[in-house]
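The values are calculated or read from the model by the stated rules, or taken from the named source; none is laboratory data. Bear in mind the structure is a predicted one, so any value in this text is a computation, not a measurement. Cβ: placed from backbone, ideal geometry, glycine included. Neighbour counts: every protein chain shown. What goes into the accessible areas is simple: the full protein's heavy atoms, side chains included, and nothing from ligands, DNA or RNA. Shrake-Rupley method; radii C 1.70, N 1.55, O 1.52, S 1.80 Å.
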Amino acid sequence: MEPMKKRKALIAVDLGAQSCRVSLLRFWYDEPAVDVVHRFSNAPVSSARGLHWNIEEIWEGVQAGVRKCAALATEGVASIGIDGWAVDYVRMHESGYPEADPFCYRDVRTERSESEVHALISPERLYELTGTQILRINTIYQLFADKLAGKGEATPWVNLPEYITYRLCGSVVAEYTNATHSGLVAVGVHRWSKEVFDSTGLDLTAAPRIVASGTTVGHLRGDLSELSALQETKVIVPACHDTASAIAAIPATGNDWAFISSGTWSLVGTVLDAPCVTDEARAQNFTNLGGVGGKICFLKNVNGMWLLRQCMDEWEANGVVWKLEDLLRECQSLAPPTHLIDVDSPDLMVPGAAVAKINAQLTSAGANPLVADSLGVPIIANLIFHSLAERYATVLRSIEATAKKKLRRVFIVGGGNKNLLLNRLTREKSGLDVVLSSSESTTIGNFAIQLAALDGEWAPGIGVPADAVAKWAHRLTSISIAIPATAR
C-alpha cells in the first residue's frame, strides 16, 4: 500500500550521548506514522588528549540512517531536522571540517577555566546577563579552556547538532534553544551577550549567527541530495537542544505542570512565559533556557541515568553483569536505604570510580560502604533510584517556591520514563501526579516543529509559535512509534 502523495515524509535525527537514532515520519491516508529506522551507539573516547567525541563516526551514522529513510520514503522527503545534547561544539577549519574531534563536556579541562572566568566576570553578573545556571560544562567555560590552552580562539565554532546540520546543507547557525545553554546568550532574546564576550575576552566573531526554532537553513546537498527521495529536501532546525524538543512534545494545558526529561541527564523544570532571574532563582542555580515559540524552560540539571550506567559499566568490567530490567525487579522488593547520596556531587559528574565515590559519601555520613558483588549490586542501584527521586522532589519544591506556581502534575519524558520504579518513587517523594508522556518525545517534538514550519506557521522574532507546534505534538503523541529490533 502506497502512502498518499499530498504529503511528503520527514526525517528527525536525535543525537544522544549514549545512542543516536534516525526516525522517519510518513503519512498514510493523512494519518501520521513514525518509525525509528536506524540507531547507533555513541560514547566519548578517552585518550591522553582528553575526552572527545568521534564526530566523523557520528556523521557516518547519521548518513547511514538518512539513506535508509530515503530508500523507504518513495514519496520523497520534505525536510530533515537534527537535535542533540547541548554545550559541546566543533571548531571548524576553513575547509569546513573539524580542526579536531570535539571535547566532551565531562572533560576535566573546565575545572580551571570556570574559576578563571569568574575572576573576570562574577557568577552573579553572568546570571543577571544570561539567566543560565552556573555549570562548569557550559560552553562559556569550554571556550575559555581553549583560550587557556592557546588554541585558535578566533576559529569559528558551532554546537554539535548544528555542525551535523552544516554537513547536511552548508549553513553555519546556532539554533536559539541550543545556544541558550552556552552561558553566552542575553537572557530572553535571540542574540549573544556582547558584555559576556568582552569581559572574558572570547571572540564574538567566531560565534555563529542565532536563528529561531523552525528556521529553514538550506536544502540538502552533497551525495545524499542525489538520492531521488532527497533531491528537494529542506533542512530545518527544530529545537536543536533535545530537551527543548522533548518539552515541545508534552501534550499539556494549564499552568500547573512540571516536567522531568529523563535520560543520561535528568532536566527538571517547568515552562514559563518570561525569564525568572530573581536572586532566589540565582541562589537555587536555576537556568532559563530558550523554549519553542519564545517560551522559557526554567529548569535545573540533575545527574541522571548516566550515574547508573557508570556503575553498570564498572561492574561489568569486574565480571558482575546485570540487565537493567533485572535490577529494577530486584529493587522493587528492597527496603528504602537508610542514607541517600547527593547525585549532583561534582565528583559524580565526571567519569570513573563511581562506586568508590558513592561509598565515600556513605562513609562520610557514617554509613557502611556497599560491596559491588552480585548481591550488593541491587542495593547500590536501589540507593541511586531513591536518591534520584529525592533530588527530583527537592527541585520540584524549589520550582514552586521560586517560580511562584502551584504544581499538581509532573510529565516524565524521554527513555527514562520506562523506569516504573523511579516513576513510583518520584510520585511518592514529590506528592505530584506522575504523567508518562512518550519515551520518544524528543523525536515527536522535532517532527512537530518541522511540520509547523512546513505549514507556514511563523512568529516574527521567535520562530514557530508554541501553539502551532503543540497542535502537531498532540496529534503525534497519540500514535505509537515503531522501533524494530534492528534499531534498538
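Below is a table of values for the structure above.
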quantity: Heavy-atom SASA rank of 412, 379, 134 (probe 1.4 Å, accessible area, largest first); calculated: 379, 134, 412
quantity: Placed amide H near residue 211: partners under 5 Å, 5+ positions off or other chain; calculated: 174, 175, 176
quantity: Whole-number accessible area per residue in Å² for the chain, which is evaluated in the context of all protein chains at 1.4 Å; calculated: 39 Å²
quantity: Distance from segment 172-241 to segment 88-113 (C-alpha centre basis), Å; calculated: 17 Å
quantity: Exposure of residue 250 as accessible area (Å², to 10), given a probe of 1.4 Å and all protein chains; calculated: 10 Å²
quantity: Hz values of 3J(HN,Hα) by residue in segment 9-19 - Karplus curve (6.51, -1.76, 1.60), Gly and Pro given as x; calculated: 6, 10, 10, 10, 10, 10, 8, x, 6, 10, 8
quantity: Calculated P(r) of segment 1-70 - Cα pairs past 15 Å, %; calculated: 58 percent
quantity: Segment residue 128-residue 368, extension gain: residue separation times 0.36 nm, minus the distance between their alpha carbons; calculated: 82.1 nm
quantity: q = 0.12, 0.20 Å⁻¹: log10 I(q)/I(0) that the Debye formula gives for segment 2-129, counting C-alpha atoms only; calculated: -0.64, -1.10
quantity: Among 480, 361, 113 - extreme Cα towards positive end, dipole of the chain, charges at beta-carbon; calculated: 480
quantity: Size of charge dipole - the chain - debye, nearest 20, with Cβ of Lys, Arg +1 and Asp, Glu -1, no other charges; calculated: 860 debye
quantity: Residues with amide H under 5 Å from that of residue 435, placed H, sequence gap 5 or more; calculated: 410, 411, 412
quantity: Debye log10 I(q)/I(0) for segment 317-415, one point scatterer per Cα, at q = 0.17, 0.18, 0.24 Å⁻¹; calculated: -0.91, -0.99, -1.38
quantity: Exposure ranking of 182, 364, 171, 374 by accessible area [1.4 Å probe, largest first]; calculated: 364, 374, 171, 182
quantity: Paramagnetic label zone (point 7 Å from Cα along Cα-to-C-beta, residue 18; backbone N under 19 Å) in segment 103-137; calculated: 104-107
quantity: Alpha-carbon radius of gyration plus Dmax, which is the widest Cα pair, for segment 226-312 in Å; calculated: 16.6, 56
quantity: Residue 111 accessible area, 1.4 Å probe, all protein chains in place, Å² to nearest 10; calculated: 110 Å²
quantity: Using θ = phi - 60° and Karplus 6.51 cos²θ - 1.76 cosθ + 1.60, couplings along segment 173-180 (whole Hz; Gly, Pro as x); calculated: 9, 10, 6, 4, 4, 6, 4, 5
quantity: Cα-projected label distance for residue 479 with residue 231, points at 7 Å along beta-carbon direction, nm; calculated: 2.6 nm
quantity: Residue-averaged 222 nm ellipticity for the chain, from DSSP H runs of 4+ at -39500 (n - 2.57), nearest 500; calculated: -11000 deg cm²/dmol
quantity: Per-residue SASA entry for residue 458, accessible area with 1.4 Å probe, Å² rounded to 10; calculated: 120 Å²
quantity: In segment 130-232, the trypsin sites (Lys or Arg not before Pro) that fall in loop regions by DSSP, at most 12 other Cβ within 10 Å; calculated: 191
quantity: Extension gain, residue 409 back to residue 428 (0.36 nm per residue minus Cα-Cα distance, nm); calculated: 5.6 nm
quantity: Net charge of neighbours whose Cβ lies under 9 Å from the Cβ of residue 340, counting Lys and Arg as +1 and Asp and Glu as -1; calculated: -1
quantity: Neighbourhood net charge (11 Å Cβ-Cβ; Lys/Arg +1, Asp/Glu -1) for residue 145; calculated: -1
quantity: The chain - convex hull of the alpha-carbon atoms, volume per residue in Å³; calculated: 143 Å³
quantity: Carbon and sulfur %, accessible surface of the chain computed with the full protein complex present, 1.4 Å; calculated: 51 percent
quantity: Inter-probe distance in nm under a simple model that places probes 7 Å from Cα toward Cβ, at residue 324 and residue 93; calculated: 3.7 nm
quantity: Heavy-atom accessible area ranking, 1.4 Å probe, most first, across 103, 385; calculated: 103, 385
quantity: Net charge contributed by nearby residues that have their C-beta within less than 13 Å of residue 268 (K/R +1, D/E -1); calculated: +1
